[in-house]
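First the structure, in the form of structure tokens, and then the observations on it.
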Amino acid sequence: MIERYTRPAMKKIWSEENKYDNWLKVELAVCEAWTEEGIIPVSDMEKLRSAKYDMVLMDEIFNRTRHDMTAFLQSITAHLGDEGRWLHLGLTTHDVLDTAQALQLVQSADVLLEDLDQLITAVGKRAVEHKNTLTMGRTHGVHAEPTTFGLKLAIWWDELRRHRHRLLEAKETVSYGKISGAVGTHATVPPHVEERVCSLFGLKAAPVSNQVLQRDRHAQFVTTLALIACSLEKFATEIRSLQRTEIREVEEPFGEGQTGSSAMPHKKNPELSERVCGLARLIRGYSITAMENVALWHERDISHSSAERLILPDSSMALDYILSLFTEVISGLRIHTDRMMANIEITNGLIFSQRVLLALIEAGLQRERAYEIIQNCSMQSWEDGSDFRQLILSEKDVVNSLDKYIIESIFDYKYYTRHVDASFARLGIEKGY
């Protein structure tokens, strides 16, 4: 991931230094286990604990061997004596790589969970703040019936909580290591050594493995990140739509001195939300690659390796970035309640059509006749801009079926939001805000 879209904590997790540090930790943990088994002399283990890799030398060796693990090990043993022979005893490359990579995935999940918690809090606060703020509900992009902006955000809040649960499950799925040898038979390293090493890192030993951990685990992790990104794109797309000049019900934060266009000084663009949408597409693409990595030849091949060098760090870093960015958007979002009310009224009361229909049916008018009356009034209102409410009041069948009190109550916006409190109570969203 390029620097522009990388945050420090996640960048550190996926740095080359952290990767090799984890490799060394795994190698030394295995040596400790062999020492307990009486295979490695205690005196040699004492020397091994000070082992260090040499990145400059590693690069030189790699240019000759074209093998990461070989270069890594030789860069260590070049600075050791005879005790260096114990490194990598009974292991295959992916015993180290997969176990160390599991540590990075768990660390990434912890950062992303913290990001999610911050966004859930930000969305929850704004939802409660605007629980009763009337806004136009739209279906197919067309005015439907009123809702509240708080209810819109409460739906997002609930969706984010589901993602938190999914991410916890994905973290659990990748919290596994393997120290089982060349094709996973434990022929060169017994299961209890594997269990000891994994437990040192807070991982569980894979119940069974071949030369690699099975990639359905990694696919679940990346697809979970992609699902979270999908929701962020959904939310960001809504903000982009509501910020259009014709609607202008919300606006992203726009700082003093910020510019929206090099050519048009008046522009205030939803560029933060657009950025969220763009990077969400990237993460979704990585989920396809992660799923394609599941199918490997026999006990393993290396087709997944090159792809994972990109998709695991980049999907983690990209999601970390857009979670933080969208939290900033929600926290600083300008909400124009006056525009929301003006937009509700822009169709001259047409949104009350269903209310009138239901009232007429309940009053005894045949549904077909009621629908005909209301549709005729609606079409006239659409065509000439006349007020739907006045047109309805001019219809004899309506006036004869409904008394004035009932008619006036039909046009009360509060009818549409009378159960919002119940929805918020179901969610428990107001607790803590």
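Does the range 391-433 hold any residues that are closer than 20 Å to residue 146 by Cα and among the polar types (S, T, N, Q), and which are they?
Residues satisfying the conditions are 409, 417, 423.
Looking at the range 59-77 only, could you name the residues that are touching a helix residue (DSSP H, G or I) at 6+ places or on another chain (Cβ under 6 Å) and free of Cβ contacts under 8 Å to residues at least 24 places away in the same chain?
61, 62, 65, 71, 74, 75, 77
Residue-by-condition table, conditions (1) under 30 Å from residue 86 (Cα atoms); (2) small (Gly, Ala, Ser); (3) modelled with pLDDT of 95 or more; (4) not in a strand (DSSP E or B):
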{"residue": "154", "(1), (2), (3), (4)": "no, yes, yes, yes"}
{"residue": "160", "(1), (2), (3), (4)": "no, no, yes, yes"}
{"residue": "170", "(1), (2), (3), (4)": "no, yes, yes, yes"}
{"residue": "179", "(1), (2), (3), (4)": "yes, no, yes, yes"}
{"residue": "220", "(1), (2), (3), (4)": "no, no, yes, yes"}
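Here is a check on your reading of the model: is residue 75 assigned to a helix (DSSP H, G or I), farther than 22 Å from residue 315 by Cβ and not β-branched (Val, Ile, Thr)? Reasoning before the result, please.
Numbers: assigned to a helix (DSSP H, G or I): yes; farther than 22 Å from residue 315 by Cβ: yes; not β-branched (Val, Ile, Thr): yes.
For residue 75, the condition - assigned to a helix (DSSP H, G or I), farther than 22 Å from residue 315 by Cβ and not β-branched (Val, Ile, Thr) - is met.
For the range 281-398, list the helices (runs of 4 or more DSSP H) that sit wholly inside it and hold at least 2 residues that are modelled with pLDDT under 95 and of a type in the set (Asp, Glu); which are they?
Working: elements: 303-332, 337-345, 353-362, 367-384, 388-393.
Result: 367-384.
Could you identify the single residue in 321, 413 that is touching a strand residue (DSSP E or B) at 6+ places or on another chain (Cβ under 8 Å), of a type in the set (Ser, Thr, Tyr) and either under 20 Å from residue 122 (Cα atoms) or touching a residue at least 40 places away in the same chain (Cβ under 8 Å) (or both)? Walk me through how you get there before you give the answer.
Details: 321 fails: touching a strand residue (DSSP E or B) at 6+ places or on another chain (Cβ under 8 Å).
Matching residue, one of 321, 413: 413.
Can you tell me which residue among 57, 28, 24 is outside the structural domain of residue 218 (by TED's automatic domain parsing), under 33 Å from the mean Cα position of the chain (by Cα) and on the phi < 0 side of the Ramachandran plot? Working first, answer last.
Working: 57 fails: under 33 Å from the mean Cα position of the chain (by Cα); 28 fails: under 33 Å from the mean Cα position of the chain (by Cα).
Selected residue: 24, the only one of 57, 28, 24 that is outside the structural domain of residue 218 (by TED's automatic domain parsing), under 33 Å from the mean Cα position of the chain (by Cα) and on the phi < 0 side of the Ramachandran plot.
Under 7 Å by Cβ, and 6 or more places apart or on different chains, what pairs join a residue from the range 240-256 that is farther than 16 Å from residue 346 by Cα and in a loop (DSSP other than H, G, I, E, B) with one that is small (Gly, Ala, Ser) and at pLDDT 95 or above?
Pairs found: 252/273; 253/332.
When you check residue 97 against the structure, is it closer than 30 Å to residue 152 by Cβ, in contact with a helix residue (DSSP H, G or I) (Cβ under 9 Å, 6 or more places away or on another chain) and in the same structural domain as residue 213 (by TED's automatic domain parsing), yes or no?
Values: closer than 30 Å to residue 152 by Cβ: no; in contact with a helix residue (DSSP H, G or I) (Cβ under 9 Å, 6 or more places away or on another chain): yes; in the same structural domain as residue 213 (by TED's automatic domain parsing): yes.
Considered against the rule, which asks whether it is closer than 30 Å to residue 152 by Cβ, in contact with a helix residue (DSSP H, G or I) (Cβ under 9 Å, 6 or more places away or on another chain) and in the same structural domain as residue 213 (by TED's automatic domain parsing), residue 97 comes out as no.
So which of 111, 128, 142 ends up being in the same structural domain as residue 315 (by TED's automatic domain parsing), farther than 29 Å from residue 13 by Cβ and in contact with an Asp or Glu (Cβ under 7 Å, 6 or more places away or on another chain)? Break it down stepwise before answering.
Numbers: 111 fails: farther than 29 Å from residue 13 by Cβ; 142 fails: in contact with an Asp or Glu (Cβ under 7 Å, 6 or more places away or on another chain).
Matching residue, one of 111, 128, 142: 128.
Residues in the range 22-56 that are outside any helix (DSSP H, G or I) and either in contact (Cβ under 8 Å) with a residue 40 or more places away in the chain or within 19 Å of residue 90 (Cα to Cα) (or both): how many? Show your work before the answer.
The initial filter retains those residues of the range 22-56 that are outside any helix (DSSP H, G or I), namely 37-41, 49-54.
Still in the running and either in contact (Cβ under 8 Å) with a residue 40 or more places away in the chain or within 19 Å of residue 90 (Cα to Cα) (or both): 37-41, 49, 51.
Of the residues in that region, 7 qualify.
The values are calculated or read from the model by the stated rules, or taken from the named source; none is laboratory data. Predicted, not measured: the structure shown is a model, and the values here were computed from it. Positions of Cβ are generated from backbone atoms using ideal geometry, with glycine treated the same way; all protein chains shown enter the neighbour counts.
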